[in-house]
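Peer 1: Dropping the structure in here first, questions after.
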Amino acid sequence: MLTVIGLLSTTFGVSVASALLPLISVELFAVGLVLKEPEIPWWLLAVVIATGQIGGKLLHYYAARGVIRLPRLFRRKSEAERKGRWRGWLETFRVSCRKRPVWTGAVLLVSAVASLPPFAAVAVVAGWAKVPLATFVITGFVGRFVRFGALAIAPGIVVAWL
């Protein structure tokens with residue numbers, strides 16, 4: 001029992017780290033863990049990874065919203081410097097997200113499941129466009145749960161098939 005708790009705690013840490021640093025692959029970690037410890041329930045592993053991933057992506061989301069103070073290199077420009085074509089596009093995009101919440105949720109969900117477009121980029125854009133926090137967290141968590149649940153089940157299916 002303690003071994004499983006330790007492995008799940010490590011999995012949570014790796015999933016947060018992979019959400020923040022793209023060089024860390026929680027997918028490879030999860031497959032290795034499933035092959036080494038097949039007694040861990042797939043749904044529990046998926047919940048732990050999804051929770052860690054959303055926790056890490058919330059930092060991207062809040063940074064894009066301007067809630068988290070970033071180093072000077074990454075900070076937004078002053079209001080006077082942000083005028084022009086991109087400013088207009090951003091305002092149009094924000095209005096579109098508010099007018100079409102189902103479309104916004106669908107894009108978030110697809111990105112969380114398939115990582116196309118990459119979920120890290122979508123987390124930043126969601127914060128930037130001021131997508132409601134509940135929409136981001138719920139669709140992101142469900143998508144990540146589906147992604148990592150399928151990943152946790154896959155090795156067992158392949159072994160049973162062979």
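Peer 1: With springs only between Cα atoms under 10 Å apart, run a GNM on the chain and tell me which of 51, 92, 135 wobbles the most.
Peer 2: Looking only at 51, 92, 135, the biggest GNM fluctuation is shown by 92.
Peer 1: Hey, another quick one. Step by step: find N for the chain, compute 2.2 N^0.38 Å, then divide the Cα radius of gyration by it. What's the final number?
Peer 2: That ratio works out to 1.18.
Peer 1: A follow-up question, please. In whole Å and largest first, what semi-axes does the C-alpha gyration tensor of region 1-53 yield when each eigenvalue is scaled by 5 and square-rooted?
Peer 2: 18, 11, 9
Peer 1: In whole Å, largest first, what are the principal axis extents of the Cα atoms in region 29-72?
Peer 2: 45, 17, 9
Peer 1: Please arrange 43, 128 by accessible surface area, largest first, computed with a 1.4 Å probe and ligands excluded.
Peer 2: So, going from the largest accessible area down, we get 43, 128.
Peer 1: Would you work out what percent of the accessible area of region 1-158, with all protein chains in place, is carbon or sulfur (probe 1.4 Å)? Write down the numbers at each step before the final one.
Peer 2: Working: 6780 of 9330 Å².
Carbon-and-sulfur percentage of accessible area, whole number: 73.
Peer 1: Another one. Report the residue, chosen from 147, 87, 98, that carries the largest GNM mean-square fluctuation when the chain is represented by alpha-carbon nodes joined by springs under 10 Å.
Peer 2: Maximum among the listed residues: 87.
Peer 1: On to the next question. Rank 95, 146, 14 by mean-square fluctuation in a GNM of the chain with C-alpha springs under 10 angstrom and give only the top-ranked residue.
Peer 2: Of 95, 146, 14, the most mobile in the Gaussian network model is 95.
Peer 1: To continue, here is another question. Kindly report the accessible area of the chain per residue (heavy atoms of protein chains, probe 1.4 Å, no ligands, DNA or RNA), in Å².
Peer 2: 61
Peer 1: Something else now. Expected output is a single nm value to one decimal: the length gained when fully extending between residue 157 and residue 134, i.e. 0.36 nm times separation in residues minus the C-alpha distance. What is it? Walk me through the intermediate numbers first.
Peer 2: Numbers: separation 23, 0.36 × 23 = 8.28 nm, distance 3.39 nm.
The span from residue 157 to residue 134 would gain 4.9 nm if fully extended.
The values are calculated or read from the model by the stated rules, or taken from the named source; none is laboratory data. Bear in mind that the values here come from a model prediction, so they are computed numbers and not experimental data. Note: accessible area is taken over every heavy atom of the protein model, side chains too, but ligands, DNA and RNA are not part of it. Shrake-Rupley method; radii C 1.70, N 1.55, O 1.52, S 1.80 Å.
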